[in-house]
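Q: Please find one structure pasted underneath; my questions will follow.
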Amino acid sequence: MSLNAHLEELKKKHNSLSSAVEVAQRAPGVDTLEVATMKKQKLKLKQEITRLSS
């Protein structure tokens, strides 16, 4: 897999997680631990994207 393809895949995963976090936060009775876990995953993806883009 080329670097550009890998970056695009990471960006897709990041956007997907971002949407999932938004939906989860709006849902009643949301599990805050699950949201926190998704946010941590999202941050790791963002850091990886930034690292590979430099």
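Q: Which one, [x] 0.90; [y] 0.97; [z] 1.08, gives Rg/Rh (Cα atoms, Kirkwood Rh) as derived from the coordinates shown?
A: [z]
Q: Rounding to the nearest 20 debye, state how big the charge dipole of the chain is about its Cα centre with +1 on each Lys and Arg Cβ and -1 on each Asp and Glu Cβ.
A: 160 debye
Q: May I pose another question? How much length is gained if the chain between ASN15 and LEU43 is pulled fully straight, taking 0.36 nm per residue apart and subtracting their Cα-Cα distance, in nm to one decimal?
A: 8.9 nm
Q: Find which of GLN41, SER53, GLN25 sits farthest along the positive direction of the dipole of region 3-53, computed with +1 on the beta-carbon of Lys and Arg, -1 on that of Asp and Glu, about the Cα centre.
A: Projecting each Cα onto the dipole axis, the largest value belongs to SER53.
Q: Could you work out [θ]222 nm for the chain from helices alone, using -39500 (n - 2.57) per DSSP H run of at least four and dividing by all its residues? Round to the nearest 500 deg cm²/dmol.
A: Estimated from H runs of four or more residues: -30000 deg cm²/dmol.
Q: Now a separate question. How far, in degrees from 0 to 90, does helix 32-53 lean away from the longest principal axis of the Cα atoms of the chain, to the nearest 10?
A: Approximately 10 degrees, to the nearest 10.
Q: Using a Förster distance of 25 Å, how high is the FRET efficiency between ARG51 and GLU22, based on the Cβ-Cβ distance and rounded to 0.05?
A: The computed FRET efficiency comes out at 0.50.
Q: Quick check on packing: order 28-34, 5-11, 40-46 by the mean number of other C-beta atoms within 10 Å, highest mean leading.
A: By packing density, highest mean first, the sequence is 40-46, 5-11, 28-34.
Q: Can you check what the net charge comes to around ASN15, using other residues whose Cβ is under 13 Å from the Cβ of ASN15 (Lys, Arg +1; Asp, Glu -1)?
A: +2
Q: Further question: Give me the count of lysine pairs in the chain whose alpha carbons sit under 12 angstrom apart, restricted to pairs 8 or more positions apart or on different chains.
A: So the count works out to 8.
Computed from the coordinates by the stated procedures, all read-outs in this text should not be read as laboratory data. Since the structure is predicted, the reported quantities are computational estimates derived from the model, not experimental observations. Please note: Cβ atoms are built from the backbone with ideal geometry, for glycine as well, and neighbour counts cover all protein chains shown.
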